[in-house]
Amino acid sequence: MVEKNFVSDIRSRLERLGEVKRFVSREIDPRSMVGVAMVLTPQEREVVMKALDSGYYDIPKRAHLEDLTRVTGLSKATVEEYLRKAERKIMMKVRDTLKCS
């Protein structure tokens, strides 16, 4: 567990660099699903977040791969690859989390 003073110190240092519009501190259980963000690359995370925000995972789907290519500026093959890799990592994390339960 990180001490509150440490978190406050980080925030103060950031504020000295410029305006801090949002600062959130959370305690993360490494076995939790929150830790899944740590296993994704920044590119995978960005594509997954845009897929979620656009409705790609909604039922019924509100967005398709073609929509994600427009939103991300990436090719269809690249979007598919990032999603496939991210989904596999997420499912591996789910498996590991279930094993610990």
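The values are calculated or read from the model by the stated rules, or taken from the named source; none is laboratory data. Just so you know, these numbers come straight off a predicted model, no measurement behind them. Here the Cβ positions follow ideal geometry from the backbone for every residue, glycine too, while neighbour counts run over all protein chains shown.
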Residue identified as within 12 Å of the chain's Cα centre (by Cα) and at pLDDT below 85 among VAL94, VAL36, VAL48: VAL36
Selected residue (criterion: farthest from VAL36 (Cα to Cα)) from residues of the range 89-101 that are exposed (fewer than 12 other Cβ atoms within 10 Å of the Cβ) and among the basic types (Lys, Arg): LYS99
Search result, residues across the range 47-86 that are of a type in the set (D, E, K, R), exposed (fewer than 15 other Cβ atoms within 10 Å of the Cβ) and within 20 Å of VAL36 (Cβ to Cβ): ASP53, ASP58, ARG84
First in the range 44-68 and over 14 Å from ALA86 (Cβ atoms), second anywhere and among the basic types (Lys, Arg) and part of a loop (DSSP other than H, G, I, E, B), Cβ under 7 Å, 6 or more apart: SER54/ARG62; GLY55/LYS61; GLY55/ARG62
